[in-house]
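Comments concern the structure below.
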Amino acid sequence: MKNTFFFVLIGLFFSCSNDLELVEGTLEQYIKRKEFVVDNVIACAASNENSETVSIYLYPREGATNIQCYTTETANTDKDDFRNYTKLNLPLSEVFNGYLMKFDGQFENEKWVIVTFEEAGKTHLSNPIRLKHLSKATEYSPENIEIQTNTQMPVFTWQDGTYTDSKIYFQVVANSQSNLISGTYTYDTMFTYYNLDNVVLNVTTGVPPELQKDTNYTFNLMGVSEDNWVNLFSIKPFVLQF
């Protein structure tokens, strides 16, 4: 995904849900006297299905350490002022067996979030992520995906759901053990495995294997808005038969 799409504590404590432990210190204080790179962490956020939990997803490049999450008090705060972001202690867990990671938390109100990590002696920051779990809950709709399965290079097509302002789409093909086989981003509502002609960012490691017939796979799709909120999250199993 282009960093354009992706994937600052005020000096006072503020009230919050018991599920969120705020740590004193601002993002500005954290990166002060550090060499830092903005817009260089791929990250986005989605509300969970039938849950108040928000998941903040990130792609931890190889060598990334000290992964952190910072949040503003409200969504009305200046998202570009690092003084407005407070560090959160949230559980960090693996997605696709560690290929991706996510923070999970419950938020009483909508906010801006920035994810950071250390890599190669620098601190890298994501673009601000706008949480919209109250006003625009993520839609889970696997029926919006069509998969052509009569070929070793299946074609995946999909449609937007309720919200039509997604700017970019993240596609993951995974095996039955939830291992990521390929991870790609397109502006188009289609992807052919494994054709990179319309791929704008590829997070696949190496060259993925050919898909085998009569084998269980899943196609995982995120439709992401310009402010890095996941409008649409769809997971659809498939088996090739050719």
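The table for this structure:
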| read-out | value |
| --- | --- |
| Residues within the stretch 65-74 that are of a type in the set (S, T, N, Q), in a strand (DSSP E or B) and under 17 Å from residue 228 (Cβ atoms), tallied | 2 |
| Selection count where residues are part of a loop (DSSP other than H, G, I, E, B) and in contact with a Pro (Cβ under 9 Å, 6 or more places away or on another chain), scope the stretch 86-105 | 2 |
| Some residue of the stretch 196-207 being out of contact with any Lys or Arg (no Cβ under 6 Å at 6 or more places or on another chain) and under 20 Å from residue 48 (Cα atoms) | no |
| Residue list for the stretch 63-121, restricted to those being closer than 27 Å to residue 171 by Cβ and of a type in the set (S, T, N, Q) | 93, 97, 116 |
| Lone unmet requirement of (1) in contact with an Asp or Glu (Cβ under 7 Å, 6 or more places away or on another chain); (2) closer than 28 Å to residue 68 by Cβ for residue 107 | (1) |
| Residue 39 vs. criteria at pLDDT 95 or above, over 14 Å from residue 116 (Cα atoms) and of a type in the set (Asp, Glu) | no |
| Any chance residue 108 is assigned to a loop (DSSP other than H, G, I, E, B), surrounded by fewer than 21 Cβ atoms within 10 Å (Cβ to Cβ) and modelled with pLDDT under 95 | yes |
| Which listed residue is touching a Ser or Thr at 6+ places or on another chain (Cβ under 8 Å) and at pLDDT below 95, from 191, 233, 170, 242 | 242 |
| Residue check, residue 77 in contact with a strand residue (DSSP E or B) (Cβ under 8 Å, 6 or more places away or on another chain) and either within 16 Å of residue 228 (Cα to Cα) or outside the structural domain of residue 42 (by TED's automatic domain parsing) (or both) | no |
| Selection within the stretch 60-89 - closer than 23 Å to residue 183 by Cβ and either in contact with a Cys (Cβ under 9 Å, 6 or more places away or on another chain) or among the hydrophobic types (A, V, I, L, M, F, W, C) (or both) | 64, 67, 69 |
| Residue match in the stretch 122-138 (condition: assigned to a strand (DSSP E or B), surrounded by fewer than 16 Cβ atoms within 10 Å (Cβ to Cβ) and of a type in the set (Lys, Arg)) | yes |
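The values are calculated or read from the model by the stated rules, or taken from the named source; none is laboratory data. Here the structure is a predicted model, which means the values were calculated and not measured. Because the Cβ atoms are built from the backbone with ideal geometry, glycine has one as well, and the counts that use them run over all protein chains shown.
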